[in-house]
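Worksheet for the structure shown next.
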Amino acid sequence: MIPRNIVENLINISVYIYIKDIAEQFSGIIKEITEDELVVLEDKYNNLTYIPISEINVITERR
């Protein structure tokens, strides 16, 4: 599990997120972390994706 304070430092930054046991990456801007430990990720089409912090394997910053 990724520590919450690391994810908090990436708010409003464009990232790639890799989820456990899924061979796909999610890309977008981290908008917030809810009180239920969900990362709110906004993609380029303004769609919101809610990802539990406990399911995140890797977060990489997009450049």
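A value for P(r) over Cα pairs in 10 Å bins from 0, in percent was derived from the coordinates, and within the list [x] 23, 64, 13; [y] 21, 43, 29, 6, 0; [z] 22, 47, 25, 5, 0 it appears as [x]. Taking the Cα centre of the chain as reference, the dipole from Cβ charges on Lys and Arg (+1) and Asp and Glu (-1) amounts to some 300 debye. Ligands, DNA and RNA aside, residue 14 has an accessible area near 40 Å² when probed at 1.4 Å.
Accessible surface of residue 36, taken over heavy atoms with a 1.4 Å probe and every protein chain present, rounds to 110 Å². Using a probe of 1.4 Å on the protein chains alone, the accessible area found for residue 18 is around 80 Å². Note: relative contact order over the chain, using C-alpha pairs below 8 Å and six or more positions apart, is 37 percent.
The values are calculated or read from the model by the stated rules, or taken from the named source; none is laboratory data. In this text, all values refer to a predicted model and were calculated from it rather than measured experimentally. Don't worry about glycine lacking a Cβ; one is built from the backbone with ideal geometry, like all the others, and counts go over all protein chains shown. Heads up: the accessible areas ignore ligands, DNA and RNA and are worked out on the full protein's heavy atoms, side chains in. Shrake-Rupley method; radii C 1.70, N 1.55, O 1.52, S 1.80 Å.
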